[in-house]
């Protein structure tokens, strides 16, 4: 009986994550379009994928388009201290919530850093994207409301973080929330390796299995205070230690099954 139950659980889990789909958002002429990424093709769909995945019949070469961040959120939220390797052995007893701004969102490419910034750090993270309107959600409702996942870098200016009353400058300056390049569905987020490289050297390397608060726990807890809307994003926390970067450094955040987010940091 135990073996049968384990087999059924494996079949059920496999069916949940049997097929991953990559969605992208791009500039096509003067129009912003959404699409399904298949091999080298960008297959246009009518709307954001949590609304409709109906195909328009138009197909573009992905390389011919200017890729944008695969989200256009009303809210950009983030969780701090969510790995013991980052927060200390005790960890955070509840999700430590803070906010970034939609204007902080961008994707791979150059990030313009304010000239007065002196202590910029990378933070490679798994980012979850909400697909349903949610308030006071149970864990199960929260799990079902997560549309997909992507890669993020919660850029932080540590001096401002300690100097200011709020983390607006430190965490929410323009471009301080790069995500992408794609939004992925059908991937089990419970055990994905996050690796961050600075100029090709490995700086962070830990699995999402080590999250103190899981994505569904984060969503459920957050929904008790904020109404989550389709398209909203939540950064789930960074593992390990981070270091200051300098002008011209290239930071790559890789998450298995999701790809790579690559940014060059350029001081204004």
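Quick note: the coordinates plus some simple rules give every number you see, no bench work behind them. What you see is a predicted model, and the numbers here were worked out from it, not measured in a lab. Neighbour counts are summed over all protein chains in view; Cβ atoms, including those assigned to glycine, are modelled from backbone coordinates with ideal geometry.
Annotation for residue 193 and residue 97: the two label points, set 7 Å from Cα along the Cα-Cβ direction, are 3.4 nm apart.
Comparing mean-square fluctuations of 49, 178, 114 from a GNM of the chain with C-alpha springs under 10 Å, the top value falls on 114.
Dividing the mean sequence gap of close Cα pairs (under 8 Å, 6+ apart) by how many residues region 116-248 holds gives a relative contact order of 40 percent. Counting neighbouring beta carbons within 10 Å and listing from fewest to most, the residues 182, 23, 197, 225 come out as 225, 197, 182, 23. Result for the chain in a Gaussian network model with C-alpha springs under 10 Å: among 138, 222, 196, the largest mean-square fluctuation is at 138. Based on every Cα atom in the chain, Rg and the maximum pairwise Cα distance Dmax equal 18.4, 65 Å.
With a simple spin-label model that places each label point 7 Å from the Cα along the Cα-to-Cβ direction, the separation between residue 41 and residue 118 comes to 5.5 nm.
Between residue 268 and residue 205, the modelled label-to-label distance comes to 3.7 nm, taking each label 7 Å out from Cα in the direction of the beta carbon.
Ordering 118, 107, 31, 53 from the fewest to the most neighbouring beta carbons within 10 Å gives 31, 118, 53, 107. Between rounded, prolate and oblate, where does region 158-268 land on the alpha carbon gyration tensor, with a ≥ b ≥ c its root eigenvalues, rounded for a/c under 1.5, else prolate if a/b exceeds b/c? In terms of gyration-tensor shape, oblate. For region 151-190, the square roots of the Cα gyration tensor eigenvalues, ordered a ≥ b ≥ c, give a/c of at least 1.5 with a/b greater than b/c, which places it in the prolate category. Alpha carbon centre of region 47-72 versus region 161-219: separation in Å? After rounding, the separation between the Cα centres reads 24 Å. Ordered by the number of other Cβ atoms lying within 10 Å of each residue's own Cβ, fewest first, 30, 224, 75, 171 fall into the sequence 30, 224, 75, 171. For the chain, the relative contact order is 25 percent, taking Cα pairs closer than 8 Å that sit 6 or more residues apart in sequence and dividing their mean separation by the residue count. Comparing 152, 240, 200 in a Gaussian network model of the chain (Cα springs below 10 Å), the most mobile by mean-square fluctuation is 200.
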